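Participant: There's a structure below that I have some questions on.
The values are calculated or read from the model by the stated rules, or taken from the named source; none is laboratory data. If you're wondering where the values come from, they're calculated on a predicted model, not measured in any experiment. With ideal geometry, Cβ positions are generated from the backbone for all residues, glycine too; neighbour counts draw on all protein chains shown.
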Amino acid sequence: MVDDVLPSLVRMGHATHCKRCMIGLPASQVDTDPFKMALVFYCLGTLDLTGQIPADIKASETESWREWIWAQQAHGPGGTGFRPGPFMSVHAERDDTYCESSENAPQMIMTYTALLSLAILRDDFSRLDRSGLIAFLKACQNEDGSFSSEPYGGDADLRTTYCAFAISSMLSDWSGVHIDRALAFVASCRTYEGGYGQTPFSEASGMHSSISGPTYCALASFFLVGQGEQLSESDKLRTVRWLVVNQEPSGGFRGRTCKGADACYSFWCGASIAILGAKELVSELSIVSYIASCQFKFGGIAKVPGDHPDPYHTYLSLAASAQYPVPEVVGADTWLLPALDPLLNATRDTAEWAKRHIRVEN
């Protein structure tokens, strides 16, 4: 890329790619079906960032998406949350109850993405079982402070713990979380490099799986609950150094030491740097230039240049770009995107809608 020219954002192409994935997944992405609710969030998030909702989406489409999400709200002895989708049971589309042996129990990450998806669609949340949601959080917290993905077990790491914090923040009610134990678990995942692993004694990482990055999850958790001051200045500086060093000459970020750059790390690492108030240490133009190189000419953004695009990398790349507005160069005007709330990972307007309509009324 010439220093004073930035390739244009393929805005409509990215939106079309995600709308197409909402209808049916291409063969290269069918392995994401078990995370269908998260996939819906990445698609809707892209439409939100590109300004397609509500202006360019039919009311009938918006309503059908809302209804599908609400059909995944499940109630049971472990509280109320949202499941990944109806694929686990032939009766899941109409059965909204579960028990310990059920295959359609709610899942923590899917509950977080469902709430944000409904906020993007500007739902009024009149159907949300708030007391059941708080019971769900309580049922998922473990003795070490971490949160399991489901009331009866499952993964327990920084991803699920962050989601519990984000849900509590949207509810404006922290009664479902033992905060001190949870923060102690988060702190135990810190490594000598300054980053955070998914669990204690794991390698520091900007990203672990197709759902969330542990270093971002750790930092966002501290700040969501208003405990950012628990991080000492030396700890913050070490984390910032680790994050900044992970930006490669290409402008892209790698998620772990000695790994290659990947477009999604632009969000996980970039948002972490933003949370710590150190955005001036990275080049906005370099970040967006790398993302531009990962664009597919017919729509969608891939993890690396020349790879297949997918909604996950498309959304996270745009979310990263929204946090790092580029200076005035040729093509920069096409990259103007809505401001992002880095703690909830949603546009500020959507985050405010969620906080205003999900909160538990006292």
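Participant: Kindly list the number of the only condition in (1) touching a Gly at 6+ places or on another chain (Cβ under 9 Å); (2) at pLDDT 85 or above; (3) closer than 25 Å to SER148 by Cα that fails for ALA92.
Facilitator: The single condition ALA92 does not satisfy is (2).
Participant: Right, here's the next one. State all residues of the stretch 119-150 that are aliphatic (A, V, I, L, M), in contact (Cβ under 8 Å) with a residue 60 or more places away in the chain and in contact with a helix residue (DSSP H, G or I) (Cβ under 6 Å, 6 or more places away or on another chain); if no residue qualifies, say none.
Facilitator: ALA119, ILE120, LEU121
Participant: Given the criteria surrounded by fewer than 18 Cβ atoms within 10 Å (Cβ to Cβ) and of a type outside the set (Phe, Trp, Tyr), does VAL326 qualify?
Facilitator: It is false that VAL326 is surrounded by fewer than 18 Cβ atoms within 10 Å (Cβ to Cβ) and of a type outside the set (Phe, Trp, Tyr).
Participant: Just to be sure I understand the filter: pairs with C-beta atoms under 7 Å, separated by 6 or more residues or on different chains, first member in the stretch 212-237 and assigned to a helix (DSSP H, G or I), second member among the polar types (S, T, N, Q) and surrounded by fewer than 18 Cβ atoms within 10 Å (Cβ to Cβ). Which pairs pass?
Facilitator: As it stands, the answer is PHE222/GLN230, since those pairs meet every condition given.
Participant: Here's another thing I want to ask about it. Can you tell which of CYS294, CYS217 is more than 24 Å from TYR192 (Cα to Cα) and surrounded by 24 or more Cβ atoms within 10 Å (Cβ to Cβ)?
Facilitator: Answer to the selection: CYS294.
Participant: Being of a type in the set (D, E, K, R) and under 26 Å from SER289 (Cβ atoms) is the requirement here; does ARG181 meet it?
Facilitator: Taking the combined requirement at face value, the residue does not satisfy it.
Participant: Which of the numbered conditions does PRO249 fail, given that it passes all the others? Conditions: (1) in contact with a Leu (Cβ under 8 Å, 6 or more places away or on another chain); (2) free of Cβ contacts under 8 Å to residues at least 24 places away in the same chain.
Facilitator: (1)
Participant: Testing VAL304 on (1) among the aliphatic types (A, V, I, L, M); (2) surrounded by fewer than 22 Cβ atoms within 10 Å (Cβ to Cβ); (3) under 16 Å from TYR42 (Cα atoms), one condition comes back false. Which one is that?
Facilitator: (3)
Participant: May I pose another question? For the stretch 225-256, what are the residues that are closer than 29 Å to ILE179 by Cα and either buried (at least 21 other Cβ atoms within 10 Å of the Cβ) or of a type in the set (Asp, Glu) (or both)?
Facilitator: Matches in the stretch 225-256: GLU229, GLU233, ASP235, THR239, TRP242, LEU243, GLY255.
Participant: Scan the stretch 166-189 for residues that are touching a residue at least 40 places away in the same chain (Cβ under 8 Å) and charged (D, E, K, R) and report the count.
Facilitator: Residues that pass the stated criteria total 2.
Participant: From THR257, THR199, THR239, THR191, grab the single residue that is among the β-branched types (Val, Ile, Thr) and either touching a strand residue (DSSP E or B) at 6+ places or on another chain (Cβ under 6 Å) or closer than 24 Å to PHE35 by Cα (or both).
Facilitator: None of the other options fit; the residue is THR199.
Participant: Does LEU115 satisfy being closer than 24 Å to GLY226 by Cβ and surrounded by fewer than 24 Cβ atoms within 10 Å (Cβ to Cβ)?
Facilitator: No: the conditions fail for LEU115.
Participant: Specify the residue that is surrounded by the fewest Cβ atoms within 10 Å (Cβ to Cβ); the eligible residues are those in the stretch 171-189 that are part of a helix (DSSP H, G or I) and of a type in the set (Gly, Ala, Ser).
Facilitator: Top of the filtered list is ALA184.
Participant: OK, next. Please return the ranges of helices (runs of 4 or more DSSP H) entirely within the stretch 58-170 where 3 or more residues are under 17 Å from TRP353 (Cβ atoms).
Facilitator: Because the criterion is at least 3 residues that are under 17 Å from TRP353 (Cβ atoms), the helices (runs of 4 or more DSSP H) in the stretch 58-170 that meet it are 59-70, 108-120.
Participant: Answer yes if at least one residue in the stretch 273-289 is touching a strand residue (DSSP E or B) at 6+ places or on another chain (Cβ under 6 Å) and modelled with pLDDT of 95 or more, and no otherwise.
Facilitator: no
Participant: I'm trying to understand the selection: among the residues of the stretch 209-231, which are modelled with pLDDT of 95 or more, out of contact with any Gly (no Cβ under 7 Å at 6 or more places or on another chain) and hydrophobic (A, V, I, L, M, F, W, C)?
Facilitator: CYS217, ALA218, LEU219, ALA220, PHE223, LEU224, VAL225
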